[in-house]
Amino acid sequence: MSYTVLARKWRPRKFQELVGQEHVVKALVNALSAERLHHAYLFAGTRGVGKTTLARIFAKALNCTNGVVSEPCGQCDTCLAIDEGRFVDLLEVDAASRTKVEDTRELLDNVQYMPTDGRFKVYLIDEVHMLSNHSFNALLKTLEEPPPHIKFLLATTDPQKLPATVLSRCLQFNLKRIRVREICDQLNKICVEEGVDSEPDALVAIAKAAEGSMRDALSLLDQSIAFSGGDISLDSVSTMLGSVDTGHIKRIIEGLIQGDGAVLMNEVIVLDERAPDYGLVLDELMTFLQKIAVIQLIGVPDEDEQDEGLSILANQLAPEDVQLYYQIALQGRRDLDVCRDFRSAFEMILLRMLAFLPGLPERSKKDLTKSVSPKESVSVDQFPKKESGFVQDGRSKVQPTSANRDSKVVAPKVDPQRWGQLLSESDVRGAARQLAEQCVLNDYVNNKIALILAAEHANLNTDQVRGRLEEALAQRLGRKLVVSIEIGDASVGTPAEIRVAGENKLMREAREAISSDPAIKEAQKAFDAIVEADSIQPHSSDIKQ
């Protein structure tokens with residue numbers, strides 16, 4: 001029993017069956033209806049989007065027994081012969097295997113003869129960009145002024161390689177990549193007709209792997225049916241493709257948010273058991289980061305409304321961290337192919353994301369100082385490690401004796417200006433740091449820290465983020481804390497505002513220094529030069545970390 005692969009069995013035979021190329025179909029149908037037919041058409045697009053299929057349907061419309069019609073009947077002898085590849089007046093040429101000028105001349109020698117059975121003699125030249133320059137030169141004259149019974153249909157995946165003289169003689173149609181949703185709908189329709197049960201997520205995975213190619217999607221569908229033995233599940237498709245479940249990607253991002261290298265390494269171990277394609281893992285990670293960035297900017301896209309996990313991650317990540325992680329993943333993806341051990345390379349990419357986490361160098365330096373000289377690491381200008389912090393004069397109001405160690409903490413004198421100093425000395429990361437830097441200190445009493453947060457940043461205040469802030473501050477001060485946040489207006493600037501103001505001040509000073517520099521003025525006068533203000537940056541040593 002012979003089996004026809006899905007890509008051939010479900011190949012469109014009418015214009016209305018084509019998926020994702022409505023703009024080209026509309027132009028061809030209108031031309032056929034008005035009988036405004038050009039002598040040469042060029043169909044350009046990536047693999048598997050319908051170039052050759054569209055050309056064959058167009059050839060049927062030109063030669064259908066019912067006349068030149070906008071939609072071939074598909075039932076007459078001509079339509080059936082073209083579908084079966086036995087129509088004598090449709091000459092399909094594979095330019096990749098017939099690149100020589102002799103082959104082209106032999107082909108053109110038959111142009112002068114009238115069609116045998118059809119209305120037009122149609123030359124369908126596939127991968128036309130593979131022809132040699134001499135072949136193109138031999139084709140030019142005939143392509144410009146062919147006999148009235150000749151039509152040229154050219155298909156290519158690389159129109160940039162075609163000579164301008166050829167492009168100018170053709171009507172060019174660019175076929176676009178087919179959208180994931182359109183591929184999924186077609187795959188679901190085929191599965192229903194074939195009697196195959198499929199999970200929607202599995203079809204989405206196949207559609208994404210096809211990269212806009214319907215033919216590739218159908219080939220992968222065939223492969224997944226054979227791999228799973230019938231029904232198609234997401235797990236079997238992921239194993240077949242070497243891809244990973246989105247849950248792994250989410251846990252990796254959560255590990256980055258927490259700054260926990262152990263979580264990341266454990267996730268790599270779990271991933272490695274599935275022997276994944278680490279390039280695809282990085283691609284999926286970058287896709288997630290891109291979606292998170294979009295959510296942070298404009299909200300949840302329509303296609304991801306059902307995925308609440310992305311919204312939660314978007315609230316926990318700072319936008320600048322998302323951009324940093326994306327660039328590191330992108331650079332790592334480029335370098336992955338030159339590495340001998342893909343797993344080790346993937347681990348290093350994740351560790352690089354942790355290493356470049358904002359504020360990490362300062363914390364590392366602080367920890368190193370404590371390990372070398374613990375007594376010298378605390379000065380009167382710093383918060384005590386085990387004593388009641390936020391004391392303006394830096395001295396504890398309670399002596400650490402056994403009698404009063406468990407006594408009620410006396411309300412210290414609050415200095416809101418030192419809130420930023422405490423944050424710089426604490427291990428506050430990710431979304432927790434973003435929240436803390438938008439707050440000002442209102443009160444601190446009985447191990448309870450009261451903060452004020454502006455209304456425009458209220459979305460940062462979640463239970464999970466606030467809990468992480470409590471843990472980091474408790475680790476710094478050596479005691480369990482409760483952080484409460486009130487929405488309101490503060491009388492002093494937040495750490496973020498103070499930092500931005502300092503950076504702006506440094507920028508103004510740098511620009512003033514440049515504009516008043518005698519050498520710069522002399523160069524401007526001598527060369528009629530101007531100073532690009534955007535190119536001026538303060539020296540890194542002047543910026544307070």
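Every number here is computed from the coordinates shown, using simple stated rules; none is lab data. Nothing here was measured: the structure is a model prediction, and the numbers come from that model. Here the Cβ positions follow ideal geometry from the backbone for every residue, glycine too, while neighbour counts run over all protein chains shown.
Summing Cβ point charges (Lys, Arg +1; Asp, Glu -1) relative to the Cα centre of the chain gives a dipole of roughly 960 debye. Here the contact order of the chain, divided by its residue count and restricted to Cα pairs under 8 Å and six or more residues apart, works out to 9 percent.
Just to confirm the number: angle between the C-alpha axis of helix 133-144 and the first principal axis of the chain, 0 to 90 degrees, nearest 10? With rounding to tens, the tilt is 60 degrees.
Can you give the angle from 0 to 90° between the axis of helix 495-515 and the longest principal axis of the chain, with both taken from C-alpha atoms, to the nearest 10? In the chain, helix 495-515 runs at an angle near 80 degrees to the longest axis. Measuring between their Cα centroids, the stretch 319-339 and the stretch 470-514 lie 29 Å from each other.
Loop-located chymotrypsin sites (Phe, Trp or Tyr not before Pro) across the stretch 95-198 with a Cβ neighbour count of 15 or fewer within 10 Å are TYR113, with loop assigned by DSSP.
Once you order the gyration tensor axes a ≥ b ≥ c over the Cα atoms, which shape class does the chain get: rounded for a/c under 1.5, otherwise prolate or oblate by comparing a/b with b/c? The partial results should precede the final answer.
Details: a/c = 3.28, a/b = 2.20, b/c = 1.49.
It is prolate, given that a/c is not under 1.5 and a/b is the larger ratio.
Reducing the stretch 87-101 and the stretch 206-264 to their Cα centroids gives an inter-centroid distance of 39 Å.
Relative contact order for the stretch 6-174 using alpha-carbon pairs under 8 Å, separation at least 6, rounded to a whole percent?
Details: 260 pairs, mean separation 50.8, N = 169.
Answer for the stretch 6-174 is 30 percent.
Between the listed residues ALA275, GLY299, ILE452, the Cα displaced farthest toward the positive end of the dipole of the chain, a dipole computed from Cβ unit charges relative to the Cα centre, is found at ILE452. Relative to the Cα centre, the charge distribution of the stretch 246-355, modelled as +1 at Lys and Arg Cβ and -1 at Asp and Glu Cβ, gives a dipole magnitude of about 380 debye. For the listed residue pairs LYS151/LYS189; LYS9/LYS121; LYS60/LYS176; LYS141/LYS176; LYS60/LYS161; LYS9/LYS176, the alpha carbons are over 32 angstrom apart in LYS151/LYS189. Charges were assigned to the Cβ only: +1 to each Lys and Arg, -1 to each Asp and Glu. The resulting dipole of the stretch 452-504 about its Cα centre is roughly 360 debye. Tell me whether the stretch 246-355 comes out rounded, prolate or oblate; compute the Cα gyration tensor, take square roots of the eigenvalues as a ≥ b ≥ c, and use a/c under 1.5 as the rounded threshold. Judged from the Cα gyration tensor, the stretch 246-355 comes out prolate (a/c at least 1.5, a/b above b/c).
Of the residues VAL192, LEU241, GLY230, the one whose Cα sits farthest toward the positive end of the charge dipole of the stretch 180-241, with +1 on the Cβ of Lys and Arg and -1 on the Cβ of Asp and Glu, is LEU241.
When each of HIS129, HIS38 is scored by the number of other beta-carbon atoms lying within 10 Å, the sequence from fewest to most is HIS38, HIS129.
Which shape class applies to the stretch 157-256: rounded if a/c is under 1.5, otherwise prolate when a/b exceeds b/c and oblate if not, where a ≥ b ≥ c are the square roots of the Cα gyration tensor eigenvalues? The shape class here is oblate.
Axis angle, to the nearest 10 degrees, between helix 51-63 and the longest C-alpha principal axis of the chain: 30 degrees.
Only one residue of ALA207, ALA519, VAL500 has its Cα farthest out toward the positive end of the dipole of the chain, where Lys and Arg carry +1 and Asp and Glu -1 on Cβ, and that residue is ALA519.
Neighbour counting of Cβ atoms within 10 Å sorts the residues MET348, MET286, MET353, fewest neighbours leading, into MET348, MET286, MET353.
Between the alpha-carbon centres of the stretch 1-55 and the stretch 104-171 there is a gap of 18 Å. Neighbour counts of other Cβ atoms within 10 Å put THR494, THR142, THR462 in the fewest-to-most order THR462, THR142, THR494.
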